[in-house]
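> Okay, handing you the structure first.
The values are calculated or read from the model by the stated rules, or taken from the named source; none is laboratory data. Model, not experiment: these values are computed from the prediction. Cβ atoms come from the backbone with ideal geometry, glycine included; neighbour counts cover every protein chain shown. Side chains included, ligands, DNA and RNA excluded: accessible areas come from the protein's heavy atoms. Shrake-Rupley method; radii C 1.70, N 1.55, O 1.52, S 1.80 Å.
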Amino acid sequence: QVQLVESGGGLVQPGASLRLSCAASGRTFSSYVMGWFRQAPGKEREFVAAISWSGGNTDYADSVKGRFTISADNGKNMVYLQMNSLKPEDTAVYYCAADYSVVTTTTWYEYDYWGQGTQVTVSS
């Protein structure tokens, strides 16, 4: 049983930083791509970042390039999303997802497993 559990969300002011964590369990993830998506109220789920566990290739949405960094710790089965210079438009529920692939994808429906999400609110 694959489980993805996110943590690290919260309420921060514009310009602040947060680090989201995703604990993955239930199988060996060396052949998986791990992704972060987000969904704001009334909006569609949106790709944020992805990393291939095998090769470390990364991909980012244009809206977060230069501000967010995705990383993975193979030994701990953990995936992180470091978010800097947060903006009010980053407010959303953030989801961790796993795709059985070695090539990163930005398409949410290609991901096989999802976490429950963690709320990030950026507001003054």
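> Convert each backbone phi in the range 76-82 into a coupling constant with the Karplus relation 6.51 cos²θ - 1.76 cosθ + 1.60 (shift: θ = phi - 60°), then list the ³J(HN,Hα) values in order as whole Hz, x for Gly and Pro.
9, 6, 10, 10, 10, 10, 7
> I'd like the Karplus ³J(HN,Hα) series for the range 20-25: coefficients 6.51, -1.76, 1.60, θ = phi - 60°, whole numbers in Hz, and an x wherever there's a Gly or Pro.
8, 10, 10, 8, 9, 8
> Considering only protein heavy atoms and a 1.4 Å probe, what is the carbon-and-sulfur percentage of the accessible area of the chain?
About 45 percent, which is the carbon plus sulfur part of the accessible surface.
> At 1.4 Å probe size, with every protein chain present, just tell me what the per residue accessible area of the chain comes to in Å².
50 Å²
> Another question, then. Based on the alpha-carbon set only, what is the convex hull volume of the chain divided per residue, in Å³?
91 Å³
> Just in the range 38-124: which GluC sites (Glu not before Pro) are loop by DSSP and have at most 13 other Cβ atoms within 10 Å?
44
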